[in-house]
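Participant: Below is one structure. I have some questions about it.
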Amino acid sequence: RILIIGACGQIGTELTLKLRKINGEKAVIAADIRKGSKELTKSGPFEIVNAMDYDSILKTIEKYKVTDVYLMAAMLSATGEKYPDKAWELNMNSLFNVLNLAKEGKIKKLFWPSSIAVFGPTTPKENTPQETVMEPSTVYGISKQAGERWCEYYFNKYNVDVRSLRYPGIISWKTNPGGGTTDYAIEIFHKAILKGTYTSFLNKNSKLPMMYMDDAIDATIKIMDTAAEKVKIRSSYNLAAISFTPEEIANEIKTKIPAFKIKYHSDFRQAIADSWPKSIDDSRARSDWDWQHKYNLKKISQTMLDNLILKYKSE
Ligand code: VAH
């Protein structure tokens with residue numbers, strides 16, 4: 001059986017729903033520190049689990065005979081800068097819990113998300129390589145870089161089968177954004193429909209690597225289904241789809257909502273965005289386990305607008 005820790009989060013929610021579709025609802029246990037949405041709790045087992053509490057995770061693993069775990073609980077870049085101690089504690093203690101459970105043979109296969117936040121201001125910004133200088137300047141990025149080192153260490157030393165992806169900014173409409181710096185690319189669609197205008201907290205030329213949720217979910221399931229010997233990188237794989245600026249996504253929205261207006265007012269998240277790459281080289285993921293993204297900017301914008309217009313109409 002499969003356990004998703006952090007199932008109420010932006011990625012956790014859709015990962016749970018997709019895995020239930022593939023494996024059957026009873027086979028996927030959703031867990032989070034807080035009560036799940038109706039969609040999560042009515043479509044399969046749900047447990048309150050504190051990702052920082054080893055025994056709470058172990059109890060759930062034993063109750064449902066779990067073999068595979070996806071640890072999707074974390075404090076993201078923007079919130080992490082407001083609560084640095086909490087971000088480090090949550091992001092690292094939760095990872096050590098699942099790595100140690102795997103080391104003790106309680107977990108067979110483990111997924112843990114990293115991020116483009118592992119790169120910093122001294123990293124080459126275009127086509128950022130898999131191996132390169134990484135001096136992250138956010139607590140979130142530091143925790144992801146440290147986490148990658150620990151994943152590789154537990155694989156090499158204890159043969160723990162942990163797999164990881166450096167997610168870019170992820171765009172989706174089903175859940176609210178999770179306190180990240182790339183959240184503008186989600187908020188802009190809601191505001192375009194509800195208000196016809198949006199003030200971006202990143203300036204118009206802030207180019208960042210981005211991906212639609214369905215691509216991110218497919219990559220996550222694909223790397224977990226890949227034969228162990230083909231997963232050659234055990235720190236974390238670069239993963240990419242497209243890159244765009246707030247101006248480019250605004251212009252794409254205007255092709256459907258001509259009256260849409262964007263304004264720019266940078267806040268503390270501008271410095272975070274400026275420290276990250278503009279585009280990522282994910283050729284290792286494409287060669288090692290046939291990664292291929294499907295959503296370009298036009299398709300992302302179309303999908304977001306279609307679904308959000310329907311969602312707001314039904315409310
Ligand atoms: C964040 N959405 O902004 C997350 C992600 C690359 C961005 O890690 O913190």
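Nothing in this text is a laboratory measurement; each read-out follows from the coordinates by a stated rule. Worth saying up front: this structure is predicted, and the values here are computed from it rather than measured. Ideal geometry is used to build each Cβ from the backbone, glycine not excepted, and the neighbour counts take in all protein chains shown.
Participant: State the extension gain, in nm to one decimal, for the chain segment bounded by Lys230 and Ala259, taking 0.36 nm per residue of separation less the distance between their alpha-carbons. Walk me through the numbers before you get to the answer.
Facilitator: Working: separation 29, 0.36 × 29 = 10.44 nm, distance 4.91 nm.
Stretched fully, the Lys230-Ala259 segment lengthens by 5.5 nm.
Participant: Between Glu62 and Lys222, what is the FRET efficiency for a Förster distance of 30 Å, r being their Cβ-Cβ separation, to the nearest 0.05? Show your work: numbers first, answer last.
Facilitator: On the way: r = 29 Å, r/R0 = 0.95.
Computed FRET efficiency for Glu62 and Lys222 comes out at 0.60.
Participant: Excluding Lys191 itself, what net charge comes from residues whose Cβ is under 15 Å from its Cβ, given Lys and Arg +1 and Asp and Glu -1? Could the numbers behind the result be given before it?
Facilitator: Details: positive: Lys195, Lys254, Lys256, Lys261, Lys263, Lys311; negative: Asp183, Glu187, Glu252.
It works out to a net charge of +3.
Participant: Which of Leu165, Leu58, Leu95 moves most in a GNM of the chain, Cα contacts under 10 Å?
Facilitator: Judging by the Gaussian network model, the answer is Leu58.
Participant: Could you pull out every residue, at least 5 positions away or on a different chain, whose amide H is within less than 5 Å of the one on Ser243? Hs are placed 1.01 Å off N in the peptide plane, and Pro or chain starts have none.
Facilitator: Hits under the 5 Å cutoff: Met210.
Participant: Among the listed pairs Lys144/Lys261; Lys157/Lys278; Lys26/Lys109; Lys109/Lys174, which are separated by more than 24 Å between their Cα atoms? All intermediate terms of the calculation are to be shown ahead of the outcome.
Facilitator: On the way: Lys144/Lys261 36 Å; Lys157/Lys278 34 Å; Lys26/Lys109 19 Å; Lys109/Lys174 27 Å.
Correct reply: Lys144/Lys261; Lys157/Lys278; Lys109/Lys174.
Participant: Continuing with the same structure: Measure of size requested: the Rg and Dmax of region 108-170, with Cα atoms as the atom set and Å as the unit; please supply both.
Facilitator: 12.3, 37
Participant: Follow-up. Just flag the chymotrypsin sites (Phe, Trp or Tyr not before Pro) in region 64-139 sitting in loop per DSSP whose Cβ has no more than 11 other Cβ atoms within 10 Å. Before the final figure, lay out the partial values.
Facilitator: Numbers: sites: Tyr64, Tyr70, Trp88, Phe96, Phe111, Phe119; in loops: Phe119.
Here no loop site has a sparse enough neighbourhood.
Participant: A follow-up question, please. Whats the longest run of the chain with zero trypsin sites (Lys or Arg not before Pro) that are DSSP loop and have at most 12 other Cβ atoms within 10 Å? Show your work: numbers first, answer last.
Facilitator: On the way: sites that count: Arg34, Lys35, Lys65, Lys108, Lys195, Lys232, Lys294.
Between exposed loop sites, the widest span is 109-194.
Participant: Tell me which aspartates and glutamates have Cα within less than 17 Å of Lys254's Cα, excluding those fewer than 8 residues away on the same chain?
Facilitator: Filter leaves Glu187, Asp306.
Participant: In nanometres, what is the gap between the two model label sites at Asp306 and Asn156, each 7 Å from Cα along Cα-to-Cβ?
Facilitator: Placing both labels 7 Å along Cα→Cβ, they lie 4.7 nm apart.
Participant: Ok, one more. What percent does the relative contact order of region 112-183 come to when contacts are Cα pairs within less than 8 Å and at least six residues apart? Kindly include the intermediate steps, with their values, before the conclusion.
Facilitator: Working: 73 pairs, mean separation 25.8, N = 72.
It rounds to 36 percent for region 112-183.
Participant: 222 nm [θ] for the chain, helices only, -39500 (n - 2.57) per DSSP H run of 4+, per residue, to 500?
Facilitator: Values: 12 runs with 140 residues, N = 315.
Calculated at 222 nm, the ellipticity per residue is -13500 deg cm²/dmol.
Participant: What's the exposure ranking of His265, His293, going from fewest to most Cβ atoms within 10 Å?
Facilitator: In increasing order of surrounding Cβ atoms, one gets His265, His293.
Participant: Could I ask something else about it? By how many nm would the segment from Arg149 to Tyr83 grow when fully extended, if each residue of separation counts as 0.36 nm and the alpha-carbon distance is taken off?
Facilitator: Values: separation 66, 0.36 × 66 = 23.76 nm, distance 2.30 nm.
Between Arg149 and Tyr83, full extension yields 21.5 nm more.
Participant: Can I ask one more? Relative contact order (percent) for the chain, with alpha-carbon contacts under 8 angstrom and 6 or more residues of separation?
Facilitator: Values: 632 pairs, mean separation 56.7, N = 315.
Once divided by the residue count of the chain, the mean separation gives 18 percent.
Participant: How large is ³J(HN,Hα), in whole Hz, for each residue of region 249-254 in order, when computed from phi with the Karplus curve 6.51 cos²θ - 1.76 cosθ + 1.60 and θ = phi - 60°, using x for Gly and Pro?
Facilitator: Karplus-based 3J(HN,Hα) across region 249-254 equals 6, 5, 5, 5, 5, 5 Hz.
Participant: Something else now. Before anything else, pin down the relative contact order of region 28-143: Cα pairs under 8 Å, at least 6 apart, normalised by residue count, whole percent. List each step's numbers first, then the result.
Facilitator: Working: 158 pairs, mean separation 27.2, N = 116.
Once normalised by length, the contact order is 23 percent.
Participant: I've got another one for you. Once the principal axes of the Cα atoms of region 245-312 are found, what is the range along each, listed largest first in whole angstroms?
Facilitator: Extents along the principal axes, in whole Å: 44, 32, 20.
Participant: What residue among Ala273, Ala228, Ala27 has the largest mean-square fluctuation in a Gaussian network model of the chain, using Cα springs under 10 Å?
Facilitator: Of Ala273, Ala228, Ala27, the most mobile in the Gaussian network model is Ala228.
Participant: Hey, could you grab the Kirkwood Rh for region 1-111? Inverse mean 1/r over distinct alpha carbon pairs, Å, one decimal. Walk me through the intermediate numbers first.
Facilitator: Numbers: mean 1/r = 0.0720 Å⁻¹.
Taking every pair of different Cα atoms in region 1-111, averaging 1/r and inverting gives 13.9 Å.
Participant: Straight-line reach from Lys125: which aspartates and glutamates have Cα under 12 Å away, leaving out those fewer than 8 places along the same chain?
Facilitator: Asp274, Asp281
Participant: If we count every other residue with Cβ under 15 angstrom of Glu131's Cβ, Lys/Arg +1 and Asp/Glu -1, where does the sum land? List each step's numbers first, then the result.
Facilitator: Details: positive: Arg149, Arg166, Lys232, Arg234, Arg284; negative: Glu135, Glu148, Glu152, Asp281, Asp282, Asp288.
Within the 15 Å Cβ shell, the charges total -1.
Participant: Quick check: residue separation of Asp55 and Ser314 times 0.36 nm, minus the Cα distance between them. What number comes out in nm?
Facilitator: 89.1 nm
Participant: Let me check I've understood the local charge: for Asp68, count other residues with C-beta under 12 angstrom from its C-beta, Lys and Arg +1, Asp and Glu -1. What total comes out? Could you put the intermediate results ahead of the total?
Facilitator: On the way: positive: Arg1, Lys65, Lys106, Lys108, Lys109, Arg163; negative: Asp161, Asp225.
Charge balance near Asp68 sits at +4.
Participant: Within 10 Å of each candidate Cβ there may be at most 16 other Cβ atoms; applying that plus a DSSP loop requirement, which GluC sites (Glu not before Pro) in region 65-128 survive? Walk me through the intermediate numbers first.
Facilitator: Values: sites: Glu81, Glu89, Glu104, Glu126; in loops: Glu104, Glu126.
Counting only loop positions with at most 16 other Cβ atoms within 10 Å, the GluC sites (Glu not before Pro) in region 65-128 are Glu104, Glu126.
Participant: If you project the alpha carbons of the chain onto their three principal axes, what span does each projection cover, largest first, in Å?
Facilitator: In descending order, the Cα extents are 57, 46, 38 Å.
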